[in-house]
1. I need the full set of residues from the stretch 59-112 which are polar (S, T, N, Q) and either in contact with a Phe, Trp or Tyr (Cβ under 9 Å, 6 or more places away or on another chain) or surrounded by 17 or more Cβ atoms within 10 Å (Cβ to Cβ) (or both), in order please.
2. Could you tell me which of the residues Leu419, Leu444 is touching a residue at least 60 places away in the same chain (Cβ under 8 Å) and farther than 16 Å from Thr266 by Cβ?
3. Among (1) in contact (Cβ under 8 Å) with a residue 12 or more places away in the chain; (2) surrounded by fewer than 21 Cβ atoms within 10 Å (Cβ to Cβ); (3) among the charged types (D, E, K, R), which single condition is Asp241 missing?
4. Consider the stretch 357-373. How many of its residues are part of a helix (DSSP H, G or I) and among the basic types (Lys, Arg)?
5. Filter the stretch 123-156 down to residues that are among the aliphatic types (A, V, I, L, M), in contact with a Ser or Thr (Cβ under 7 Å, 6 or more places away or on another chain) and farther than 23 Å from Gly43 by Cβ, then give me how many there are.
6. Out of all the residues in the stretch 141-159, which are touching a residue at least 24 places away in the same chain (Cβ under 8 Å), more than 23 Å from His188 (Cβ to Cβ) and touching a helix residue (DSSP H, G or I) at 6+ places or on another chain (Cβ under 8 Å)?
7. Looking only at strands (runs of 3 or more DSSP E) that fall completely inside the stretch 48-167, which ones have 2 or more residues that are modelled with pLDDT under 95, farther than 30 Å from Gly265 by Cβ and among the aromatic types (Phe, Trp, Tyr)?
8. Could you say whether any residue in the stretch 165-179 is surrounded by 22 or more Cβ atoms within 10 Å (Cβ to Cβ), acidic (Asp, Glu), assigned by TED's automatic domain parsing to the domain that holds Glu111 and under 24 Å from Cys109 (Cβ atoms)?
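The values are calculated or read from the model by the stated rules, or taken from the named source; none is laboratory data. Just so it is clear, the structure is predicted and the values come from calculations on it, not from any experiment. As a convention, Cβ positions derive from the backbone with ideal geometry for all residues, glycine included, and neighbour counts pool all protein chains shown.
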Amino acid sequence: MPKSCFLGVDVGTSGVKAILVNAAGDVEAAAVTPLQLSTPQPGWAEQDPEAWWQASIASIKTVLAARPQATVAAVGISGQMHSSVFLDAHGGLIRPALLWCDGRTTAECREITERVGGESRLRDLACNPALEGFTLPKVLWLRNHEPDAFARLSTVLLPKDFIRYRLTRVLATEPSDASATLMYDTAHLRWSDEILAAVGLARTLVPDVGGSAEILGRVTLEAAGLTGLPTGTPVVGGGADNACGAAGVGAITPGEAVTSWGTSGTVLAPTFEPRVDPTLRAHTFCHVAPNTWYLMGVVLSAGGAFAWYRDQLARDLVSTGEANERLNAEAATIAPGANGVTFLPYLQGERTPHRDASARGAFVGLSLAHSRAHLTRAVVEGVCFALRDSVSILQELGLSPNHMLLTGGGAKSSFVRRLQSEVFGLPVCTVNREEGPAYGAALLAAVGAGAFPGLAAAAAATLNRTPFETPDPAVHDAYEQPYLRFRASYHAAHAVPNSMD
């Protein structure tokens, strides 16, 4: 008998991942097709959405070929947040997408804030400030800098919604991605007519909104021929990568918190009400679970910072295929605090808590006594310190987790898991699934197909947690001074202006 499975697809920055998950929650097959990032100028970041589609085709075909007996009951898609896909009236691409880590829109952020009536009004309407990474500033940048392209603009989509469009030819989105555009009334779950009117954009630029587990389209005959999926396969709303990543480890109810390392890093805590940081250091977005929101702090370069360090300063290890393990082993021989070396991971600017697209990375405190092991330790500690900033904000806002779920690259290394526990001062654990947002997307597909009554039931049936790793209080205390040094070193991110920015 054919085995019923659910396909999860995640459109990331570094690759498109596809997984097949069976009714018991086991991963039957997985595939990743890599992507390239374009940086036309310092602080800019673009990708060709057509490359996302071709990578999606390749990953889907690979997992289907690995399990030819499987029947795909439904598809769920996750994707990088904020990144803008500009389509003309025929659904054609106008230009490459501006990504979540693109920092070119500082002037447009000021324009939005002024037009809406100040940051407090924007907070009331969108629950978030105007930040360079968000979608709306990118639309205004297109209008201000590429007017001919803007004149052709008919629809703005998010990455995962573009892939669903190519699969189904249906233009749609869902709340978790819509709430991260700065055009959505996050508290009231609808597009904000007031924001759109204030900046002079038509409501028709944004698609209709459905549920994350709701069937929003079905695979067309053309897409079936390209991917191998059966014609008519349902495709659900899916969700933003951080929301799907949280769902993929079961962090969908208040009291939970999850730290994720991808290219960026996040600390996320669900809530049953749209709670907003009064100073807007953390973001408030819709979750993929119905009537649920989450607060999130964002480090723009987490795994991306480590990858840059590895590829640029440890090239002798990259060719071995064991670079991460070797570097972590070296760093583990160094005492907490890296003997005075501090790394600021602001390679693409920063979001939480600084909201500063012009910030840049730095090593501070280097001397002739320091080795590569010290630098590696400083890089990992710097990412953890930046994430601790977000943990501290959640604690200030009354969302005080008593443990932290770990997912992404930071969950795979025992050294990095322990270091996070020690820096946060919290027990940490992982779950028995390591597929991240793609797994959450597959669970949403399973709910949409009727395999589970809801996302909580799907998570309960498929996820198991590892025993907690508890920090040594003395080591946590030893990190207090290095963390304060990290906070005090922020000025170094602006010490030498970059004339090319």
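1. Ser59, Ser78, Gln80, Ser83, Ser84, Thr105, Thr106, listed by residue number.
2. Details: Leu419 fails: touching a residue at least 60 places away in the same chain (Cβ under 8 Å).
From the options Leu419, Leu444, the qualifying one is Leu444.
3. With (1) in contact (Cβ under 8 Å) with a residue 12 or more places away in the chain; (2) surrounded by fewer than 21 Cβ atoms within 10 Å (Cβ to Cβ); (3) among the charged types (D, E, K, R) applied to Asp241, the lone miss is (2).
4. Selection size over the stretch 357-373: 1.
5. Looking only at that region, the number is 2.
6. Within the stretch 141-159, Trp141, Leu142, Asn144, Ala149, Leu153, Ser154, Pro159 meet the criteria.
7. none
8. yes
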